[in-house]
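These notes are about the structure you will find just below.
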Amino acid sequence: MPEIIEPFRIKSVEPIRFTTREDRERILRDAKYNPFLIDADDVLIDLLTDSGTSAMSAAQWGAIMTGDESYAGSRSFRRFEAKIQEIFGFKHVIPTHQGRAAEKILMAIAGGSGKIIPNNNHFDTTRANVEFTGAEALDLVIEEGKDPDHLHPFKGNLDLEKLKTLLSRSRDQIPLGMVTVTNNTGGGQPVSMANIKAIAETLHANGKPFIIDSCRFAENAWFIKQREDGYQDKTPLEIAQEMFSHADGATMSLKKDGFGNIGGFLALNDDALAEQARNILILTEGFPTYGGLAGRDLEALAQGLDEVLDPHYLEYRVATVRYLANKLIETGVKIVQPPGGHAVYIDAKRFYSQIPAEQFPAQVFVNELYVAGGIRGVEIGSVMFGRCIDGVEHPADRELVRLALPRRVYTQAHVNYVADVIAEMFGRRDEATGLRITKQAPFLRHFTAELSPL
Ligand SMILES: *Cc1c(COP(=O)(O)O)cnc(C)c1O
């Protein structure tokens, strides 16, 4: 088999800026030891997120020039709506400026105090939007999904027994059920078609709607094609269509598998729910045929949704993540296994075993990574998911660092560089010490938290 190559050639480039180690020590100090507060110009390779960071194709840039900016009934909306209906199959397509706006609208309708929303793992914005309404965001991922070494092929699956128990105990408190594909918080892990089908059957048997958080639906479809019996000969499009045929709606950030720099949607089958959602949409996002987006964005996103289902692209995408993962494993770094679709998740608890969770080992890792190589990753540990209650830190279950790969942006040499820098950090991991939080916000504290070295 010849090497899997980048399935594109580059026609437009953007220089990246080099800094010295001394520069970066000062920059990190000024950013209060929180890489979210570093200017992007001070970052050499930015693996903070795969959200909104995709390289658009020539066809997407071309589509932008054809955008119809009519306030109502824009042609670009009709193209966007038709593409989403083709892939996802839902009757109502409600454009939003990004994924969390769709979540906010859905939770405004379904959430509220005393309610419980089950999911495999709620992503941070989903959890925040659920909790903001007073509802509980409950994570029901399978036990294998919590074990970083377990090689289960679908570690994003939701535990059906737990869902059934929940429904039998608290049926009236549950307005709907969700599953996230792929499971971002749990390591970018896929959910199987069998699991999606079984969740749908369980929820429907209890009269509850099933909503898929579909940010990385194409990567999930690719894993199903690779790993689940009966899907080898199906196209990613056919698999995606089947996934969503089991659901009653979807939320989506088109900044992920939409190849968009901005955009999202809420899609629903139910007429009454969709009407409620559109009424809220008008308050905050805009008229239902643009919903917080320009006509040109809708064009680029419709084109992006077409391109993301290309098997050559998906093969390269998943191979890139696996390639970085394998290099780190060879070094001796513990990562969440098997690697997911969009990112490598490093187990910082085991990288810096001398640093207790209360001192944020995953945050220490992202800071060291920046100072050592100008690389930016994101902490998915106790800064993001821990809670400070009466001045006492309650750590999260895991201390992960996510290195998310923007789509179609970095080359194999960039990935080699990242692996080299981490190998160097691994060699002197015993020298690292912990951090404490000096300032934090009540919700999504990781975005703005200020820290200092102990
Ligand atoms: C990114 C993301 C969201 C939120 O989308 P935004 O466009 O960032 O608002 C929701 N769920 C998952 C799984 C995500 O990855």
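FYI, it's all coordinate maths here, none of it is from the lab. This structure is a prediction, so every number in the text was calculated from the model and none was measured. Every residue, glycine among them, receives a Cβ derived from its backbone with ideal geometry; neighbour counts consider all protein chains shown.
Look at the Cα gyration tensor of the stretch 58-307: its axes a ≥ b ≥ c give a/c of at least 1.5 with a/b at or below b/c, and that counts as oblate. The distance linking the stretch 390-415 with the stretch 182-237 is 23 Å (Cα centroid to Cα centroid, whole angstrom).
Loop-located GluC sites (Glu not before Pro) across the stretch 1-93 with a Cβ neighbour count of 14 or fewer within 10 Å are E3, E69, with loop assigned by DSSP. So, in Å, what gap is there between the alpha-carbon centers of the stretch 268-330 and the stretch 356-379? What the calculation gives is 29 Å, centre to centre.
Among residues other than A110 with Cβ under 14 Å from its Cβ, the summed charge is -4 (Lys and Arg +1, Asp and Glu -1). Taking a point 7 Å from the Cα of R78 along the Cα-to-Cβ direction, the residues of the stretch 273-297 with backbone N closer than 16 Å to it are 289-290, 295-296. Full extension of the chain segment joining E86 with I5 gains 26.3 nm, where the gain is 0.36 nm per residue of separation less the Cα-Cα distance. Sorting I224, I329 by the number of Cβ atoms found within 10 Å of their own Cβ, with the fewest placed first, yields I329, I224. Note on the chain: dipole from Cβ charges, positive end direction compared against I212, A240, I282; the farthest Cα belongs to I282. In this structure, the pairs whose alpha-carbon distance is over 25 Å, taken from K155/K197; K11/K256; K225/K255; K164/K234; K155/K327, are K164/K234.
In a simple Cβ point-charge model (Lys, Arg +1; Asp, Glu -1; nothing else charged), the chain has a dipole of about 260 debye relative to its Cα centre. Dipole orientation for the chain: of the candidates L160, V141, T448, T448 has the Cα lying most toward the positive pole (charges on Cβ; Lys, Arg +1; Asp, Glu -1). Pairwise Cα separations in the chain fall into 20 Å bins from 0 onward with the following percentages, short to long: 25, 59, 16, 0.
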